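Inspection log for the structure reproduced underneath, given as structure tokens.
Every number here is computed from the coordinates shown, using simple stated rules; none is lab data. Predicted, not measured: the structure shown is a model, and the values here were computed from it. Because the Cβ atoms are built from the backbone with ideal geometry, glycine has one as well, and the counts that use them run over all protein chains shown.
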Amino acid sequence: RIRPCRPVRLSEHADDRGRLSIAETGREVPFGIARAYWQHATPAGAARGAHGHRRLEQVVVAVSGGCDILLDDGLRRCRYRLEDPAAGLYIGPMVWRDYVDFAPGTVVLFLVSEPYDEAEYLRSYDEFRRAAAGLR
Ligand code: TYD
């Protein structure tokens, strides 16, 4: 697994009414949550992501269904199956990510550390590689 990414176990309250999973700033989430968004109605075969962030941190949860996340820190790559609604994946800054292999009906929730700022995205893989190498 690559350094700035790790699985996050969410808190859970389960009883005979079902399961409640919790992601709270300062507990399961190691940053202040500034924004939430979610991907849904993703067509079969579609790929999303294909960018890195200079600063942004996030915790990602497949609240329904699942997809694969391909992570790349400029040196190493790993593939992570996101499909447990009781677990999150923390992705730190300067990680290239691609989301692929969406199961039908998938909803992926993103809890992120900053308001939307297109200037903070790295959308060219070459630019990402150069920026990542510059930080090493
Ligand atoms: P994009 O970064 O391609 O989505 P993903 O990483 O999920 O594949 O974003 C799609 C469009 O939505 C793009 O024009 C930017 C815009 N957008 C916002 O305006 N605000 C947001 O919070 C996000 C996540 C995207």
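Taking the longest Cα principal axis of the chain as reference, the axis of helix 125-134 is set at about 80 degrees. Classify the stretch 15-74 from the C-alpha gyration tensor, please: rounded if a/c falls under 1.5, else prolate or oblate depending on whether a/b exceeds b/c. It comes out oblate by the Cα gyration axes.
Going from the residue with the fewest nearby Cβ atoms within 10 Å to the one with the most, TRP96, TRP38 rank TRP38, TRP96. Quick one: Cα centre-to-centre distance for the stretch 110-136 and the stretch 4-30, in angstrom? So the separation of the two Cα centres works out to 27 Å. Sorting THR25, THR42 by the number of Cβ atoms found within 10 Å of their own Cβ, with the fewest placed first, yields THR25, THR42. Taking every C-alpha pair closer than 8 Å and separated by at least 6 residues, the mean separation divided by the residue count of the chain gives a relative contact order of 34 percent. Within the listed set TYR116, TYR80, TYR99, the Gaussian network model of the chain (springs between alpha-carbon atoms below 10 Å) gives the highest mean-square fluctuation for TYR116.
Residue exposure proxy: SER11, SER64, ordered by other Cβ atoms within 10 angstrom of their Cβ from fewest to most, comes out as SER11, SER64.
Would you please classify the overall shape of the stretch 67-119 from the alpha carbon gyration tensor, given that a ≥ b ≥ c denote the square roots of the eigenvalues, rounded means a/c under 1.5, and beyond that prolate means a/b larger than b/c while oblate covers the rest? Oblate.
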